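The values are calculated or read from the model by the stated rules, or taken from the named source; none is laboratory data. Please read these numbers as outputs of a predicted model, since none were measured by experiment. Here the Cβ is made from the backbone with ideal geometry for all residues, glycine too, and neighbour counts use every protein chain on show. Note: accessible area is taken over every heavy atom of the protein model, side chains too, but ligands, DNA and RNA are not part of it. Shrake-Rupley method; radii C 1.70, N 1.55, O 1.52, S 1.80 Å.
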Amino acid sequence: MSNILDQLQIRRDEARLGGGAKRIEAQHNKGKLTARERLELLLDPDSFEEFDMFVKHRSVDFGMDKSHFPGDGVVTGWGTINGRKTFVYAQDFTVFGGSLSKTHAQKICKVQEMAIKNRSPIIGLNDSGGARIQEGVEALAGYTDVFQNNILASGVVPQISVIMGPSAGGAVYSPALTDFIFMVRDSSYMFLTGPDVLKTVTNEIVTAEELGGAKTHTTKSSVADGAFDNDLETLSEIRRLFDFLPLNNRTGSPVRKFYDKHDRIDESLDTIVPENPNIPYDMHELVEKIADEGDFFEIQRDFAKNILCGFIRLEGQTVGVVANQPMVLAGCLDSDASRKAARHVRFCDAFDIPILTLVDVPGFLPGTSQEFGGSIKHGAKLLYAFGEATVPKVTVITRKAYGGAYCVMAPKHLRGDINYAWPTAQIAVMGAKGAVEILHRSDLSDNDKIDKHINDYEKKFLSPFRAAELGYIDEVIQPHSTRKRVNRAFALLKDKELKNPWKKHGNLPL
Ligand code: HXC
């Protein structure tokens, strides 16, 4: 008996060694942890339960029949993060470069299917040279099985991808189908075709880092939602994000203990909006002053900085935030900002996370590059997302809400539930100067007349009161009481019920 038990231990020890001590050392020398070390940091101590530890690949070509590592390059199973369960997989670069064989894919598919069935999130730690070259189409089939499961899981359970090494070729598409992608700076990269192929095909000379490193994907392509300095920081931030997320699309957004006064008054908000409408202020400050304990997990912080997206808690409950940022492009909406925010709104709605929208937007960014880049379609994405969302929606207009941008930013007319404005709000078709130049073209040569027209227009339209008189704004609130008012609004909306008409699915302007 003891012999059999010993045998199990020996086989487990062998599997835990992955590709062997030398390859583990090479992994460490690159500043990277091994798959198992990463899972230990991601999950609560002793919570990891591994599946398929002894699975081996079945390929025989290119001498593969003589080369086997138990587990076949991916560690899979489940565990908990602060006591809440999640399925996980971590690719093991020490085994065939973490490359994906048919059996490696089957292991991932198993945890994906369990995640869907058991309604728990799935987190994938990616570190892979792509399709196992020795397997050919078997590996491609494996990848596509993983993609299909990503698609089925979308909107059912949160899916998070962490890129912690190479992710090349087909390996990029599974992460791209998930809800969030985070990368590790300087040790991870993602691209469809690598620098060598680029050189041959397009004559472009570029490093892997330039082509697909964390900076590229968080600032230029927006493929990644965030990046952190090393494995340790990345995994601890994933734990932080996980705490904000519901386990599935039915449990609703999580509520946890909070250590902040629900009716905290913040006098500094009464003066946060400068008197001169052309002077910006930092919308981060407002978000943090509203949030429980000032905690804001920002998504896509380095891309389309003219809009802020992320998660906060209000009275312990997760709330998604979308907020114009007057510090960048004066808070104008452009194609990138619209896409970024639309995706966030749709994630929140899919997972029943209420949405707080903070508005200070002078309009859509004009220009040929915007128009040629399809800003009409991109803006429509955000319009569609807000209009489709049935979760509780609370909107606060702090300053400008002009033109089409007013229509897009979760107004009453897109089924906003509670729409507040600060006394500093200006809700109008456009700014006073622009309006007067169109309405009083014949007076343009007379400065006094123009000043008077501007003054009249400002008095009449650049306030929240016209909208409030029409019932488009439920209440004009004191800025210092924003946290209290927003908390009360979400408390009121806790049992909100709203259903869209039945359809197979809508046709989002992609
Ligand atoms: C099999 C692989 C592998 C792969 C790496 N290895 N990638 N084995 N299939 N795809 C093996 C290496 O042979 C090596 O084995 C070990 O993993 C470590 O690799 P190194 O090259 O020594 O590591 P490093 O120098 O860090 O380079 C990492 C790398 C490089 C940049 C990822 O290995 C690489 O370019 N690999 C190939 C990438 C690629 O073209 N993949 C196919 C993409 S096409 P030994 O035994 O020597 O240690 C694709 C199509 C899918 O994925 C489409 C689906 C829709």
Checklist line | Leu43 vs. criteria modelled with pLDDT of 95 or more and within 17 Å of Asp72 (Cβ to Cβ) | finding: no
Checklist line | Residues of region 69-92 classified as away from the ligand (no atom under 16 Å from the Cβ) and either more than 22 Å from Arg240 (Cα to Cα) or open to solvent by 10 Å² or more (accessible area, probe 1.4 Å) (or both), total | finding: 10
Note to self: So if I check each of Val95, Val111, which one is touching a Phe, Trp or Tyr at 6+ places or on another chain (Cβ under 7 Å), in contact (Cβ under 8 Å) with a residue 60 or more places away in the chain, within 14 Å of the ligand (Cβ to nearest atom) and farther than 16 Å from Gly169 by Cα?
What the structure shows: Val95
Check: Applying the selection to region 119-141, what residues are out of contact with any Phe, Trp or Tyr (no Cβ under 8 Å at 6 or more places or on another chain), more than 9 Å from the ligand (Cβ to nearest atom) and under 23 Å from Arg36 (Cβ atoms)?
Finding: Asn126
Check: Is it true that Phe62 is closer than 18 Å to Asp13 by Cβ and either away from the ligand (no atom under 15 Å from the Cβ) or open to solvent by 50 Å² or more (accessible area, probe 1.4 Å) (or both)?
Finding: no
Notebook entry, point to check: Going through region 39-67 one residue at a time, which ones are in contact (Cβ under 8 Å) with a residue 24 or more places away in the chain and more than 23 Å from Phe96 (Cα to Cα)?
Noted result: Leu41, Leu42, Leu43, Asp44, Ser47, Phe48, Glu49
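Residues are listed down the side, and each one gets a yes or a no for (1) surrounded by fewer than 18 Cβ atoms within 10 Å (Cβ to Cβ); (2) modelled with pLDDT under 95:
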site: Asp456; (1), (2): yes, yes
site: Gly471; (1), (2): yes, no
site: Asn487; (1), (2): no, no
site: Leu492; (1), (2): yes, no
Notebook entry, point to check: Assuming Cys348 fulfils every condition listed in (1) over 20 Å from Asp302 (Cβ atoms); (2) at pLDDT below 95; (3) not aliphatic (A, V, I, L, M) apart from one, which condition is it?
Noted result: (2)
Next item on the list: Filter region 154-167 down to residues that are within 13 Å of the ligand (Cβ to nearest atom) and of a type outside the set (A, V, I, L, M) and give me whichever is surrounded by the most Cβ atoms within 10 Å (Cβ to Cβ).
Entry: Ser167
Note to self: I'm trying to understand the selection: among the residues of region 354-403, which are open to solvent by 40 Å² or more (accessible area, probe 1.4 Å) and under 22 Å from the mean Cα position of the chain (by Cα)?
What the structure shows: Lys377, Leu383, Tyr384, Glu388
Notebook entry, point to check: Which fully enclosed strands (runs of 3 or more DSSP E) of region 216-329 have 1 or more residues being surrounded by fewer than 17 Cβ atoms within 10 Å (Cβ to Cβ)?
Noted result: 297-299
Notebook entry, point to check: Restricted to region 428-454, and to residues that are small (Gly, Ala, Ser) and under 18 Å from Ala405 (Cβ atoms), which residue is surrounded by the fewest Cβ atoms within 10 Å (Cβ to Cβ)?
Noted result: Gly434
Item checked: Failed item in (1) farther than 22 Å from Leu41 by Cβ; (2) modelled with pLDDT under 95; (3) not aromatic (Phe, Trp, Tyr), with Pro254 passing the rest -> (1)
Next item on the list: With respect to Lys381, determine if the residue is under 23 Å from Ile418 (Cα atoms) and among the charged types (D, E, K, R).
Entry: yes
Margin query: If I go through region 168-190 residue by residue, how many of them are open to solvent by less than 30 Å² (accessible area, probe 1.4 Å), at pLDDT 95 or above and either away from the ligand (no atom under 12 Å from the Cβ) or part of a strand (DSSP E or B) (or both)?
Written below: 9
Margin query: Restricting to region 11-53, count the residues that are open to solvent by 80 Å² or more (accessible area, probe 1.4 Å) and of a type in the set (A, V, I, L, M, F, W, C).
Written below: 1
Checklist line | Output for region 191-214, where each listed residue is within 11 Å of the ligand (Cβ to nearest atom), surrounded by fewer than 22 Cβ atoms within 10 Å (Cβ to Cβ) and within 26 Å of Arg301 (Cβ to Cβ) | finding: Leu192, Ala208
Margin query: Here are the criteria: (1) within 15 Å of the ligand (Cβ to nearest atom); (2) in contact (Cβ under 8 Å) with a residue 40 or more places away in the chain; (3) part of a helix (DSSP H, G or I). Tell me which single one Thr144 does not satisfy.
Written below: (2)
